[in-house]
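The values are calculated or read from the model by the stated rules, or taken from the named source; none is laboratory data. As the structure is a computational prediction, the values presented were derived from the model and not from experiment. Glycine gets a Cβ as well: all are built from the backbone with ideal geometry, and neighbour counts include every protein chain shown.
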Amino acid sequence: SGLVDMALSEAAAHQQMAETNVPGMGVTLGDLPGLATGPGLPEHAGLGAQGQSCVAAEALDLAGWLSDAPISAQMAEARGGLVGEFDAIDPDALRKAVTFDLAIGFGAEARQMLQGFPAEMPEKPAWISLSYLVDGEVPPSTAFAGQSACDTPAALWAILSEPQLTKGDAINRDAAYLAFSDLPL
């Protein structure tokens, strides 16, 4: 479950076992509640302070939505292919256009894109909230409510979406600082 991530080569593992000369000795933690063995980190994005799911980091990766190309070239590329044959909306092209607008701070434009080209996307509520936040506005309703304690960039956006934080609110400052540091210039 991401608590221990070991990768020993078979040769190193056999050598380590050969050096251990304590017959019959084994160490185990036994079954612990909430602990399951398996590779890697859990698939979920974590939980907020009140138990709600956190918005995944991939849905908030503003820096990852940009390339090193000039902004004008990226803008042209992001707008290409939105509508295909029979005026059908290409969800991948819409996703690229919206995330590009959010990454460069065009919140109102991203919101218009989401309203003008309706498509079902799981990230849509987070992106609508982000569209207000990148413009320096407080969203009328937020997808980040109660997520200030999350381990993802959702902590930063939850803090920014609250008009006023109350003393005692669970806040993951480290996640918020990391998310802020990772924002595109």
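Structure notes:
- Among the helices (runs of 4 or more DSSP H) confined to segment 59-169, the ones with at least 2 residues that are of a type in the set (S, T, N, Q) and under 23 Å from Phe180 (Cα atoms) are located at 124-133.
- Checking segment 25-34 against the condition returns a match, with at least one residue being assigned to a loop (DSSP other than H, G, I, E, B), at pLDDT below 80, among the aliphatic types (A, V, I, L, M) and within 30 Å of Ile171 (Cβ to Cβ).
- Options Ser67, Ser129: the member that is in contact with a Ser or Thr (Cβ under 6 Å, 6 or more places away or on another chain), free of Cβ contacts under 8 Å to residues at least 40 places away in the same chain and of a type outside the set (D, E, K, R): Ser129
- The residue of segment 110-147 that is surrounded by the fewest Cβ atoms within 10 Å (Cβ to Cβ), among those that are of a type in the set (Gly, Ala, Ser) and under 23 Å from Leu185 (Cα atoms), is Gly136.
- Within segment 78-92, restricting attention to residues that are out of contact with any Leu (no Cβ under 8 Å at 6 or more places or on another chain) and among the aliphatic types (A, V, I, L, M), the residue that is surrounded by the most Cβ atoms within 10 Å (Cβ to Cβ) is Ala78.
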